[in-house]
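Notes follow the structure.
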Amino acid sequence: MTFRFALAAALAAGLMVAPVAGWAQQKIKMGVSIPAATHGWAGGLNWHAQQAEKRLEKQYPNLDVVIVTARDVGRQANDLEDLVSVQRIDALVILPFESAPMTDPVRAVKQAGKFVTVVDRGLTDPSIQDLYVAGNNPQMGEVSARFMKEKMGGKGDIVVLRGIPTVIDNQRVDAFMKEIEGTQIKVLGMQYANWNRDDGFKVMQDFLSRFPKIDAVWAQDDDIALGVIEAVKQAGREKEMFILGGAGMKDMIKRVMDKDVLVPADVLYPPAMIAEAMEITAKHLVEKAPIQKEYIIEATLVTPENAAKYYYPDSPF
Amino acid sequence: MTPSVMPEAARKPSSGFDLKLYGPFLALAALIVLGTIVNPVFLSPGNIGNVLTRTAFIGIIAVGATFVITTGGIDLSVGSLAAFASGVTIVVMNALVGSMGAGLPVILIGVLVALGLGLAAGLVNGLLVTKGRMEAFIVTLGTMGIFRSLVTYIADGGTLSLNSEIRTIYRPVYYGGVFGISYPILAFAVVALIGALIMYRTRFGRYCAAIGSSEDVARYSAINVDRVKLLAFVLQGLCVAIAVVIYVPRLGSASATTGLLWELEAIAAVIIGGTMLKGGYGRIWGTVVGAVMLTLIDNILNLTGAISVYLNGTIQGVIIIVAVLLQRGTVARR
């Protein structure tokens, strides 16, 4: 009974103080909801988000950035509710865990009158978002295929290591396959390596036993590629093939920079896109700068010539 | 001695052929035949070597899990612990390179750190279960989350990579071997052998089975239940540490995804091997076979392009269920 009373009293006090506090600050609040740092790319995403938070709060003294991370769709939906009801945000920057389940929770935020920026994985109803910032998944597959075509002179045998069965993975692989159509490049085998080093290592070991001759590996992702490299080295077949990863992990960019024969290039899918989204949103909020509806970040091919531009030695990814 | 205190392995099979005892070995043989049909490369020494070396991590952890499960407990934290111990070991070794230079001493300290962490984690789990009077499931569910988030925190969400000089020296521990048999396979064999000796030839092994069979009966039989259970968790922690010692040189890295779902793989290996999830008796050799089977299924699926990659999980699930079903045949008839 006493507990309930205390709770009620606290709530009442909170309600009275909250509007006053809000008025006193007159700060613009931007909520950022992203997946937790449970794998390399997401780790980079978190790092870039935190860097952007520091930078933006310094640049705009009346801007307050709140970053929340969630481990799954359910938790991310909870986060959105908290951002609106407790944090009273003015704008939301969100990288949805999954498109379909997050669409309605984001719609609710929009209906509460907030500015909504969606990053990377789109919503099933694009009319909700005020701004969309994304990497280009089909283009990533295309650019990868084009590089391999050129490098291999339009013929040879390759193996493909895929990510996790998701829409993103399908978009990349479909675009890749379409691009190599009509060439003499043959895909010997294709397996899921779950965007993970250990799985990349295992799947590649098996591919190496299964196929006596492999000219190239499309690992699609840098974490997978690192596992692949170890397996190829163990089999002593480094001279036979090259490996193309993707994302822009610093270790891989470094290899490209150092002209590693095994890793001649990398295709960008930068975790820094969250920082870009936060910057555009903040600029629009504070300076009322006009914005486009969509910013698509190119899947740039990283070669020894331009690698230095994409090298972040301090990032965890 | 009541029958419940008597370990299963000591019992003479009532009929001529005990399917329950040999079931895992039959299933393994079937899988090997299947693999050979799928791709002749399957039986090449290179492939077999790869598969067994890969099995070593889960296998060693599963040997430890056999003891915990035999006592009727469970340890869900092993995968997270493996990731955490790998991460800390890497950080410590990297930090020492500055003052000690890259060399064997640094690696030895790294190995000691891993072993120490494994033992400590086992002790914590064990004490919470015995002295804290908590369900093993809950305790290790908690520590699973703790270890996983600690490694994510240490790695700052990214990946911890071992210093490359140290890596070069440490690398042979995974990739090297004697007479063409890699060190991880040897380590796995030694751990399994010691595990079998403890399980089948010592009082501790018999006590584990007795406690899993009926904790109350064991207590009335003057067995120090708490101490045996605690020791089982410590043994599990030690096994995880040994797995870490041979895991770190493989890719020289640890991240939040390291060792993901290893706990389930270890438990699956134990159960396929014929140990009952509710405890009562443990089979180390069955566990070894179970672990090899799990890796083989993956390997066989990678060696064929015949099955849609979307269905890998289904095939794995079916094989696991059939393998266990095969063993249940005799139980029902008893």
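Just a few scattered comments:
Per-residue answers, yes or no, for (1) within 23 Å of A:Asp157 (Cβ to Cβ); (2) in the same structural domain as A:Asp64 (by the TED database); (3) part of a helix (DSSP H, G or I):
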{"site": "A:Ile229", "(1), (2), (3)": "yes, no, yes"}
{"site": "A:Val256", "(1), (2), (3)": "no, no, yes"}
{"site": "A:Leu262", "(1), (2), (3)": "yes, no, no"}
{"site": "A:Thr281", "(1), (2), (3)": "no, yes, yes"}
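- Inter-residue pairs, beta-carbon under 7 Å, first at the interface with another protein chain (Cβ under 7 Å from one of its Cβ atoms) and open to solvent by less than 10 Å² (accessible area, probe 1.4 Å) and in segment A:27-51, second hydroxyl-bearing (Ser, Thr, Tyr) and not in a loop (DSSP other than H, G, I, E, B), 6+ apart: A:Gly40/B:Thr159; A:Gly40/B:Ser255
- Any hit, segment A:269-276, residues being over 28 Å from B:Tyr175 (Cα atoms), part of a helix (DSSP H, G or I), within 14 Å of chain B (Cβ to nearest Cβ) and out of contact with any Phe, Trp or Tyr (no Cβ under 7 Å at 6 or more places or on another chain): yes
- Test: residue in segment A:272-294 that is out of contact with any Pro (no Cβ under 7 Å at 6 or more places or on another chain), within 26 Å of A:Val173 (Cβ to Cβ) and of a type in the set (Ser, Thr, Tyr): no
- Here B:Val322 fulfils each of the conditions (1) among the hydrophobic types (A, V, I, L, M, F, W, C); (2) within 21 Å of A:Asp198 (Cβ to Cβ); (3) touching a residue at least 24 places away in the same chain (Cβ under 8 Å); (4) surrounded by fewer than 24 Cβ atoms within 10 Å (Cβ to Cβ) apart from (2).
- Of all residues in segment A:157-187, exactly one satisfies the criterion of being aliphatic (A, V, I, L, M), more than 19 Å from the chain's Cα centre (by Cα), open to solvent by 30 Å² or more (accessible area, probe 1.4 Å) and more than 10 Å from chain B (Cβ to nearest Cβ), namely A:Met177.
- Test for A:Gly141: is it small (Gly, Ala, Ser) and farther than 19 Å from B:Thr304 by Cβ: yes
- The residues on offer are B:Ile58, B:Ile74, and the sole one that is assigned to a helix (DSSP H, G or I), open to solvent by 10 Å² or more (accessible area, probe 1.4 Å), within 26 Å of B:Gly280 (Cα to Cα) and in contact (Cβ under 8 Å) with a residue 24 or more places away in the chain is B:Ile58.
- Complete set of residues in segment A:179-212 that are farther than 22 Å from A:Ile253 by Cα and touching an Asp or Glu at 6+ places or on another chain (Cβ under 6 Å): A:Glu179, A:Lys186, A:Leu188
- Residues of segment A:101-110 include none that is within 14 Å of another protein chain (Cβ to nearest Cβ), open to solvent by 40 Å² or more (accessible area, probe 1.4 Å) and of a type in the set (A, V, I, L, M, F, W, C).
- Segment A:242-262, subset free of Cβ contacts under 8 Å to residues at least 40 places away in the same chain and away from chain B (no Cβ under 14 Å), residue surrounded by the most Cβ atoms within 10 Å (Cβ to Cβ): A:Ile243
- Taking each residue of segment A:128-156 that is closer than 17 Å to A:Glu276 by Cα and looking for partners that are open to solvent by less than 10 Å² (accessible area, probe 1.4 Å) and in a strand (DSSP E or B) with beta-carbon atoms closer than 6 Å, six or more apart or interchain, yields A:Gln129/A:Val116; A:Gln129/A:Val118; A:Asp130/A:Val116; A:Leu131/A:Thr117; A:Tyr132/A:Val118; A:Val133/A:Val119.
- Given (1) under 20 Å from B:Ala241 (Cα atoms); (2) out of contact with any helix residue (DSSP H, G or I) (no Cβ under 7 Å at 6 or more places or on another chain); (3) open to solvent by less than 60 Å² (accessible area, probe 1.4 Å), number of the condition B:Thr202 does not satisfy: (1)
- Test: B:Gly49 is assigned to a helix (DSSP H, G or I), within 12 Å of chain A (Cβ to nearest Cβ) and touching a Gly at 6+ places or on another chain (Cβ under 9 Å): yes
- Any hit, segment A:179-199, residues being under 18 Å from B:Asn47 (Cα atoms) and assigned to a helix (DSSP H, G or I): yes
- Being at pLDDT 90 or above and either away from every other protein chain (no Cβ under 14 Å) or open to solvent by 10 Å² or more (accessible area, probe 1.4 Å) (or both) is a property that A:Ala265 has.
- When the residues of segment A:229-241 are filtered to those that are more than 11 Å from every other protein chain (Cβ to nearest Cβ) and crowded, with 19+ Cβ neighbours inside 10 Å, the one that is nearest to A:Phe176 (Cα to Cα) is A:Met241.
- Of the helices (runs of 4 or more DSSP H) entirely within segment A:65-170, those holding at least 2 residues that are over 23 Å from A:Leu188 (Cα atoms) and touching a helix residue (DSSP H, G or I) at 6+ places or on another chain (Cβ under 7 Å) occupy A:73-85, A:99-111.
- Residue within segment A:130-141 that is within 14 Å of chain B (Cβ to nearest Cβ) and open to solvent by less than 40 Å² (accessible area, probe 1.4 Å) present: no
- Positions within segment A:278-317 being open to solvent by 100 Å² or more (accessible area, probe 1.4 Å) and either more than 20 Å from the chain's Cα centre (by Cα) or within 14 Å of chain B (Cβ to nearest Cβ) (or both), in sequence order: A:Lys288, A:Pro290, A:Gln292, A:Glu305, A:Tyr312, A:Asp314
- Residues considered: A:Met190, A:Met204, A:Met148. Of these, the only one that is within 10 Å of another protein chain (Cβ to nearest Cβ), open to solvent by less than 10 Å² (accessible area, probe 1.4 Å) and either more than 24 Å from A:Thr300 (Cα to Cα) or touching a strand residue (DSSP E or B) at 6+ places or on another chain (Cβ under 8 Å) (or both) is A:Met204.
The values are calculated or read from the model by the stated rules, or taken from the named source; none is laboratory data. Source: prediction; values computed, not measured. Neighbour counts are summed over all protein chains in view; Cβ atoms, including those assigned to glycine, are modelled from backbone coordinates with ideal geometry. Heads up: the accessible areas ignore ligands, DNA and RNA and are worked out on the full protein's heavy atoms, side chains in. Shrake-Rupley method; radii C 1.70, N 1.55, O 1.52, S 1.80 Å.
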